[in-house]
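Student: My questions all concern the structure below.
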Amino acid sequence: VWALPLLLTLVWLMPPWCNGDEPNHMLRVVELAHGELLGQRIGRNDAGGMSDANVFVAATPFEPLKFHPERKVTLVMRTAGDQAHWGESPSLVGFANTAPYPPWLYLPAVAAVVISQVLGIGVDRSLYLARATTALAAVLVNAAALASARRSRYALAALAMLPMTCSLDAAVGQDALIIGLALLAVGWID
């Protein structure tokens, strides 16, 4: 009951594109939204797929915030990030660290991106929708884990509410569902 409002608050409070590898995760999500399930080798030492390079356009204004918690989001950054819109056709883009990840863990974010593209929502705003759907999916899986657990319920609840877990639950990426499914497996075993 209280986890979803907490995570949705984190979705909006975390600076855009500043969670771990969020631009690359979003590129993977966009690749999946275009129907490409597998990444591909690009050149000799890179990987990626057919995605939308406008993700980089939306993320670039927020680069000065990374690893600098004393810096804050400015109106100039927000305005520049809002200028990026989904491109007409995907192009080959490198995102080596997220290209090999399995597609099913990105499904909530993929649904959000498809809805965003149909409605004409910009890249930066689509990030928030993808974060929110990932958070909702994480809450549902974690709730199922807690409902199935008996002796380990309090330990699982503590793990699900750790600050890093909450941060990953409120970000675009596969980590939220990996953690939730691990907790669900422990709950079922218990």
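The values are calculated or read from the model by the stated rules, or taken from the named source; none is laboratory data. Worth saying up front: this structure is predicted, and the values here are computed from it rather than measured. In this analysis, Cβ positions are derived from the backbone assuming ideal geometry, glycine residues included, and neighbour counts consider all displayed protein chains. SASA here: full protein model, heavy atoms, side chains in, ligands and nucleic acids out. Shrake-Rupley method; radii C 1.70, N 1.55, O 1.52, S 1.80 Å.
Student: For the stretch 73-186, what is the convex hull (Cα atoms) projected area averaged across all directions, in square nanometres?
Tutor: Values: hull surface 34.6 nm².
It is 8.7 nm².
Student: For Cα pairs less than 8 Å apart in space and 6+ apart in sequence, what is the mean separation divided by the residue count of the stretch 1-156, i.e. the relative contact order in percent? Walk me through the intermediate numbers first.
Tutor: Values: 201 pairs, mean separation 43.7, N = 156.
This gives 28 percent for the stretch 1-156.
Student: Still on this structure, I have one more. Label points 7 Å out from Cα along the Cβ direction at Leu75 and Leu92: separation in nm?
Tutor: About 4.3 nm separates the two model spin labels.
Student: How tilted is helix 123-148 with respect to the longest principal axis of the chain? Cα atoms for both, answer in degrees (0 to 90, nearest 10).
Tutor: 20
Student: Please give the solvent-accessible surface of Thr134 in Å², to the nearest 10, using a probe radius of 1.4 Å with every protein chain present.
Tutor: Solvent-accessible area, nearest 10 Å²: 10 Å².
Student: Between Glu63 and Ala147, what FRET efficiency comes out of the Förster formula 1/(1 + (r/R0)^6) with R0 = 35 Å and r the beta carbon distance, rounded to 0.05? Working shown, then result.
Tutor: Numbers: r = 41 Å, r/R0 = 1.18.
Step by step, r from the Cβ atoms, then E = 0.25.
Student: Which of Ala109, Ala96, Ala135 sits farthest toward the positive end of the charge dipole of the stretch 75-159, with +1 on the Cβ of Lys and Arg and -1 on the Cβ of Asp and Glu?
Tutor: In the stretch 75-159, that residue is Ala135.
Student: Using a 1.4 angstrom probe, figure out how much accessible area the stretch 5-53 has per residue, in square angstrom, rounded to the nearest whole.
Tutor: Each residue of the stretch 5-53 exposes 48 Å² on average to a 1.4 Å probe.
Student: Loop-only trypsin sites (Lys or Arg not before Pro) in the stretch 116-190, please: DSSP not H, G, I, E or B, and at most 15 other Cβ atoms within 10 Å.
Tutor: When the trypsin sites (Lys or Arg not before Pro) of the stretch 116-190 are filtered for loop state and at most 15 Cβ neighbours within 10 Å, Arg150, Arg151 remain.
Student: With a ≥ b ≥ c the root eigenvalues of the C-alpha gyration tensor of the stretch 1-51, is it rounded (a/c under 1.5), prolate (a/b larger than b/c) or oblate?
Tutor: Details: a/c = 3.86, a/b = 2.30, b/c = 1.68.
It is prolate, given that a/c is not under 1.5 and a/b is the larger ratio.
Student: Any chance you could give the angle, 0 to 90 degrees and rounded to 10, that helix 107-119 forms with the longest Cα principal axis of the chain?
Tutor: It works out to around 40 degrees.
Student: Any chance you could give the angle, 0 to 90 degrees and rounded to 10, that helix 22-33 forms with the longest Cα principal axis of the chain?
Tutor: 90
Student: Relative contact order for the stretch 92-190: what percent, with Cα pairs under 8 Å and sequence separation of 6 or more?
Tutor: Computed value for the stretch 92-190: 33 percent relative contact order.
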